[in-house]
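Everything below concerns the one structure shown next.
The values are calculated or read from the model by the stated rules, or taken from the named source; none is laboratory data. Because the structure is predicted, anything quoted here is derived from the model rather than measured. Because the Cβ atoms are built from the backbone with ideal geometry, glycine has one as well, and the counts that use them run over all protein chains shown. With ligands, DNA and RNA removed, areas are computed over all heavy atoms of the protein, side chains included. Shrake-Rupley method; radii C 1.70, N 1.55, O 1.52, S 1.80 Å.
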Amino acid sequence: MKNENKVLACVDQSRFAEYVADYAAWAAQRMGAPLEFLHVIDRDPGAGSGEDYSGAIGINAQENLLTHLSSHDEARSKAMREKGRIFLNSMRERAIAAGAASVDVRQRRGKLEETLTEQESSVHLFVLGRRGEAAEITQRNLGRNIERVVRALKKPILAVTEAFREPRRVMIAFDGSAVTRRGVETVAGSPLFRGLPVHLLMSGKESADAVKQLEWARTTLEAAGFDAPISLISGDAESAIAKTVRDQGIDVLIMGAYAHSPLRSMLFGSKTSDLLRSAAIPTLLLR
């Protein structure tokens, strides 16, 4: 599928894949875009067979062992590909049942962020889960791949949480930065949220500049036909967002992501990761 405006849903074989499929199908329908499911098989999954070869000695033992291991790896790889093919077909059927008109599937072997970067030029929107296969075991509330993937990409990413609920109310966490201003313009020009109210939230101290920035955002959205109420709430962004999501019944949060370098995030923490952990709703991440 070569369409430059496709929705690309990145899925793994966990229960969270169904949530990704449902939101991706919804987005593709809203945008009138083709949908593609991508399943990436890690080159080095790090899972051995558990067999003990320490006693493999004797004439031609090394050559025989290498042959055996090669055959074992080939059989395992083939089984993984077949399992992935069946899984992708089930995702495709689910999306078609949900109303997606054009659905394709793709399976690749490699590293997740590298594969997504290679596909980015033909993608309008990425959809992925905040949790994946590893979370089934670790119970992590934020998947280990999410920050690396978001930092590697420039296109918008819809990071979804639990079971699908059709979005009815949307909120932009607006701070007046170039990223969130582009986000306002993107929402105004896209059919994804057309017809839905888009709440604009700014946190911090009230100032003439903050009010001016909010008014620009509201005017931009209203000119595109959106109902765009505004709020300026004092305090930190995480608390303000959580309160507004709860009080206003927000279904999707839109915000800028990972503005600082990975080193700075390692030293001082990442506000984006904190917000993703605390927000229990799908989040559209802008870079």
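Results, tabulated for the structure shown:
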quantity	calculated
With all protein chains modelled, accessible area of S177 [1.4 Å, Å²]	40
Rounded percent of accessible protein surface that carbon and sulfur make up, region 169-227, 1.4 Å probe	51
Subset of K111/K154; K6/K111; K83/K111; K111/K243 violating a 27 Å alpha-carbon distance limit	K111/K243
Amide H partners (placed H, <5 Å) of I41, local residues excluded	R108, R109, G110
Karplus-derived 3J(HN,Hα), 6.51/-1.76/1.60, for each residue of region 101-109, Hz, glycine and proline x	7, 10, 10, 10, 10, 8, 10, 9, 10
Spacing of the two label points (7 Å from each Cα toward its C-beta) at T117 and R246, in nm	4.0
Residues whose placed amide H lies under 5 Å from that of L232, excluding near-sequence neighbours	M202
Estimated FRET transfer efficiency (T219, V179; beta-carbon r; R0 22 Å; 0.05)	0.70
Backbone HN-Hα couplings from phi across region 209-214 [Karplus 6.51/-1.76/1.60, Hz, Gly and Pro as x]	5, 4, 5, 4, 5, 5
Rounded to whole Å, sorted largest first: equivalent-ellipsoid semi-axes of region 174-235, Cα gyration tensor	20, 11, 10
Residues of region 179-219: accessible area per residue with a 1.4 Å probe, Å²	49
Inter-label distance, nm, simple model (7 Å from Cα along the C-beta direction), A75/D104	3.5
